[in-house]
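Asks: Here you go, one structure.
The values are calculated or read from the model by the stated rules, or taken from the named source; none is laboratory data. Fair warning: this is a prediction, and the values are worked out from it, not measured in the lab. Cβ sites come from the backbone with ideal geometry, for glycine too, and all protein chains shown count toward neighbours. In case anyone asks, the SASA skips ligands and DNA or RNA and just uses the protein heavy atoms, side chains included. Shrake-Rupley method; radii C 1.70, N 1.55, O 1.52, S 1.80 Å.
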Amino acid sequence: MTTYIPSITLPAMIFQNPAASILLPIALGTAVGFSVRPKETQKTYMALKQPPYRPPPQVFGPAWTVLYGLMGYAAYRAHSTGMNPLSSAEKLVLFKQGATLYTVQLGLNLLWMPLFFVAKRPVEATVDIVALTGVTGYLTYIWGQVDPVAAWALAPYLGWLGFATYLSAGVGYLNNWNIADKEVEASPAGKGTKYVDEKKE
């Protein structure tokens, strides 16, 4: 059983406003994405050895936008039901506990890209996403008891996190848990992409 911790929980005013609840994770995720320089991120991504079924880098932006929106909608639904005067005291407690979990998972989510693409620490990034998946799974269970719609809204996000965990761990393993020496250079005369491992130069 988790605990509601006001000091590390987003303000209730965010959850109670549908626009704010939906747009906040989208805005934060977009800000982090741009802060890590998308072009450089794509270059790093393309230079790494990848596990099977990895999607092209262009998929991630639209996919995460939808998932962040669904995440925010789940928070709004859980708040609307849990804080409803006609709801039981148990649902109120569960919503508040979930609100703390929601804030924690959002922080873990936003931390992954800087860990992986800026710090180039695939071990720490994989630990982060494993923790994120676990917290989100428990959040889905908690808020599912408050409002089933909230749980269904989180389900695609949870599924994607499972796939992202596979990708993170797979990339780390295939690259010997070291991505600091990988980069991509443009080939001469624009003839494509040259993959460079600095250790071999």
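Asks: When the stretch 153-171 is examined, which residues are found to be of a type in the set (G, A, S) and either under 14 Å from F116 (Cα atoms) or in contact with a Pro (Cβ under 9 Å, 6 or more places away or on another chain) (or both)?
Replies: Listed by number, the residues that qualify are A164, S168, A169, G170.
Asks: Across the stretch 109-135, what is the total count of residues that are buried (at least 20 other Cβ atoms within 10 Å of the Cβ) and either under 18 Å from I14 (Cβ atoms) or out of contact with any helix residue (DSSP H, G or I) (no Cβ under 9 Å at 6 or more places or on another chain) (or both)?
Replies: Adding up the residues that qualify gives 1.
Asks: May I ask you to list pairs of residues, at least six apart or on different chains, whose Cβ atoms are under 7 Å apart, with the first in the stretch 145-171 being under 16 Å from A75 (Cβ atoms) and open to solvent by less than 50 Å² (accessible area, probe 1.4 Å) and the second being modelled with pLDDT of 95 or more and basic (K, R)?
Replies: Matching pairs, first to second residue: V146/K91; D147/R77; A150/R77; A153/R77.
Asks: Might you check whether a residue that is touching a Phe, Trp or Tyr at 6+ places or on another chain (Cβ under 6 Å) and either small (G, A, S) or closer than 16 Å to L154 by Cα (or both) occurs anywhere in the stretch 30-39?
Replies: no
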